[in-house]
Structure formats: structure tokens, C-alpha cells
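K.L.:
Before anything else, here's the structure in question.
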Amino acid sequence: MSEARQGPLSGVRVLELAGLAPGPFAGMMLADHGADVLRIDRVRAVSDRPRTDVMDRGKHTIGLDLKSPEGVAAFKKLAGKADVVIEVFRPGVAERLGIGPDDLHAVNERLVYGRMTGWGQDGPLAPTAGHDIDYLAVSGVLSMLGREGGKPTPPINILGDFAGGGLMLAYGVLLALFERERTGRGKVIDAAMVDGAALLFSMFYHGVQSGGWGPRGTNLLDTGAPQYDTYETADGEYVAVGSLEPQFWDAMVTRMGLTDLPDRHDRKQWPALKSRLAEAFRSRTRAEWEAVFDGSDACVSPVLSMPEAVTHPHNVARGAFVQVGDVHQPLPAPRLSGAQEPDLSPATRLDDLTSWGLSPEESEKLRSQGVLA
């Protein structure tokens, strides 16, 4: 039997249907803050070994054959005890399996049914395949990313999959749970990565349409400006410069000992100013520049590798990372005052499903049939 977890979502029960990264990320966001998340894997995918993937932390897992009538019936029993289902199939797949929103609301009208896809539940692209880069492309976001004169460059798969998808789905779950307190009924959430990616760029749409935001790589915040870019240091490392405001710029150039610089307010002077800064930053190592800017408001920071970030003094002081087994990983965010330390242990198989509505006898029968791992 799964023990009660601590956190603001303590008591919220989530069934997470196994899928690619955005689904587990949404489940992780909920588990991080106390939800009891049960991941439903394929039968063959479950073993006695804990799942060490960071996005499976704090969860339990079982293997269930959802292509069998017995597996579907068992899933409906689990859903009867759940508050949330996270589903990441293409539109129509859950309905064909018999576990769509109507199927599950028939056994639990309070259930929040969270659906996440790339293109959404409707529209001409809904039935087609895609990946993060495609959703960014169609949302207009990808056209904004990259350096001047270069091709559009996706930032790995962060904006579509994780921010536009998983995080938006977790947010939608919270909205639906909040509304359920008033209505007593669960909502169906249509979380589309193409929608979420577009929403993340809300502040830029007016600028693009009004002409205030130019082609990619030529603007203040997209590496066009010399005061918002990265520069190589003498040892082949990099520093990040974000000295946008006058007082921060003054602090930077003063500590660097630079004078007679081109006017940073004149866009025509940006290439010459970038060249001066690049030459100056190449004169010292990254560590030396860290010492120069230590304690200042110059907004110059070292570009750290992920292993380096774990040991940076600021992150250490805040306890921003924790080691679970052999894996360093970020602590849950945001932080809530008075919250107890979260359970970040690797996901383990849940054998006793009594609290989820399946008796030991039912579970054993399903195991003997090969329906339950």
C-alpha cells in the first residue's frame, strides 16, 4: 500500500499513462508537491529495479496490459479511486482502448482527465505525428530563435515538450482541481504543445506585428545586442552578459577597465562594440572574470556545465540540487514556505493495489493472466 505523501497536493491521486518525456514531467511536477502518482507502464516495461529517471522520482509504477479487456476493467477500477489521469496518446487512441474521458467519467465524474498532445485534440494536424521542433515551427516561435544570418535553432526540446507541454498540463490539472471544488465535476484538459509554445511567447507578438521586433538575432534579447550575449574567455569557456540597464552596463565596463566604447544605443555600432567586448573577454580566463565581477551588479555570469552548476556556491547555499542514488538532480520548484522535504526516491513497483480499488485476489488473478506485471 502506498503511504500518504507530504505537500500541498497530499491526497491527490494521479494515474500517469506511460509516454514520452512531457507526460512524466507533468507527473513529476505533481509528485514533487505531494501527489500520489501511479505510473501505468506496459507489462514488459516493469521490473523490480527502481526507475532512476529523474522524471519518475517520487512515483510508483505498475505494468498493465491496456489492450486486454481485463486490463481495461482494472484500469477503470484504478480510475475510480483517482483524482487525475494523465494521457499522452494521439487523439482517439484512448477512446479505442475504452479509457477515454467519457469511459472514465462514467465511473468517476470527479476525475480530471488531462490530455497532452503536440497538435491538440482537433485541427487538421491533430492526427499526424510531430516533435518539439515541429510545434515550435507552426507556433511561430522557432522563427524567433537563432543568430542573425543563421537558420532557426531550437533550444533542445525545452520550449515545446516541457514548458509548452508538461508544465502547461500540470498547470491545467491544478486549475481543474480548483474548479472541481466548486462544481464537484472533473474537467477534460486539452494541453497542446503548439498552444503552450505560442503562449510562452505572448510578450513578443505585439512587437513583431508592430515592427518593433526585427529579424531573429538582431534584437535586444536574442543575441543581437552586445549587452545581452555570450563571450568566449581565454581558456575556451564562456561568460554570459546581461547588462541591459545603464547602471549594470556601467558596472561591467568599469570593472573591465574599458573606455571610449562605441555607443551601445546606436544599433549600427553594435558589431564594433561586440568586437571590443569579445577581444576584452578573451584576455582572461572564465575564473578570472568571475573574480572580477564577484559581488557586483554587472550581470556577468559564468556559463557553467551541468555538473559545474551542481557545485556552484550559490546553488549549494540554496540546496538547489540533491543527489538521489548516483544521480544529481534539481530540487522541486517553486518552493513553498513550511513545506516538508519532498520524497524524491526513484519510482518503485507498487504490488499492493488495495487502496486503488484492486483486492489482493484480483491483483493475483491479473498477474496469473499476464495482464498485471
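The values are calculated or read from the model by the stated rules, or taken from the named source; none is laboratory data. Just so you know, these numbers come straight off a predicted model, no measurement behind them. Cβ: placed from backbone, ideal geometry, glycine included. Neighbour counts: every protein chain shown.
K.L.:
Among the residues in segment 60-71, are any within 23 Å of residue 181 (Cα to Cα), part of a helix (DSSP H, G or I) and small (Gly, Ala, Ser)?
P.N.:
No, segment 60-71 contains no residue that is within 23 Å of residue 181 (Cα to Cα), part of a helix (DSSP H, G or I) and small (Gly, Ala, Ser).
K.L.:
Output the residue which, of all residues in segment 336-373 that are of a type in the set (Ser, Thr, Tyr) and outside any loop (DSSP other than H, G, I, E, B), is surrounded by the most Cβ atoms within 10 Å (Cβ to Cβ).
P.N.:
The selected residue is 363.
K.L.:
For segment 175-194, which positions are within 28 Å of residue 141 (Cβ to Cβ), buried (at least 18 other Cβ atoms within 10 Å of the Cβ) and either out of contact with any strand residue (DSSP E or B) (no Cβ under 7 Å at 6 or more places or on another chain) or of a type outside the set (D, E, K, R) (or both)?
P.N.:
The answer is 176, 188, 189, 191, 192, 193, 194.
K.L.:
Test residue 220 against the criterion of being at negative phi and touching a helix residue (DSSP H, G or I) at 6+ places or on another chain (Cβ under 8 Å), and give yes or no.
P.N.:
Taking the combined requirement at face value, the residue does not satisfy it.
K.L.:
While we're looking at this one, here's another question. Tell me the residue from 275, 301 that is of a type outside the set (D, E, K, R) and either in a helix (DSSP H, G or I) or assigned by TED's automatic domain parsing to the domain that holds residue 51 (or both), please.
P.N.:
Of 275, 301, the one residue that is of a type outside the set (D, E, K, R) and either in a helix (DSSP H, G or I) or assigned by TED's automatic domain parsing to the domain that holds residue 51 (or both) is 275.
K.L.:
Please determine, by comparing only the residues of segment 242-282 that are surrounded by 14 or more Cβ atoms within 10 Å (Cβ to Cβ) and among the polar types (S, T, N, Q), which one is nearest to residue 299 (Cα to Cα).
P.N.:
Result: 243.
K.L.:
Within segment 104-132, track down each residue that is touching a helix residue (DSSP H, G or I) at 6+ places or on another chain (Cβ under 7 Å) and in a helix (DSSP H, G or I).
P.N.:
Matches in segment 104-132: 104, 132.
K.L.:
So which residues in segment 17-38 are more than 14 Å from residue 170 (Cβ to Cβ), touching a helix residue (DSSP H, G or I) at 6+ places or on another chain (Cβ under 9 Å) and modelled with pLDDT under 95, if there are any at all?
P.N.:
Within segment 17-38, 18, 20 qualify.
K.L.:
Out of segment 116-164, which residues are crowded, with 18+ Cβ neighbours inside 10 Å, among the charged types (D, E, K, R) and more than 16 Å from the chain's Cα centre (by Cα)?
P.N.:
Hit for segment 116-164 is 134, nothing else.
K.L.:
Out of 240, 234, which single residue is in a loop (DSSP other than H, G, I, E, B) and either charged (D, E, K, R) or farther than 30 Å from residue 94 by Cβ (or both)?
P.N.:
234
K.L.:
Which one of these does residue 53 not meet: (1) closer than 16 Å to residue 170 by Cβ; (2) of a type in the set (D, E, K, R); (3) within 16 Å of the chain's Cα centre (by Cα)?
P.N.:
(1)
K.L.:
Right, something else. When segment 307-335 is examined, which residues are found to be exposed (fewer than 11 other Cβ atoms within 10 Å of the Cβ) and in contact with a His (Cβ under 8 Å, 6 or more places away or on another chain)?
P.N.:
Correct list: 307 only.
K.L.:
Sticking with this structure for a sec: Among what's in segment 304-325 and is part of a helix (DSSP H, G or I) and either β-branched (Val, Ile, Thr) or under 21 Å from residue 259 (Cα atoms) (or both), pick the residue that is nearest to the chain's Cα centre (by Cα).
P.N.:
310
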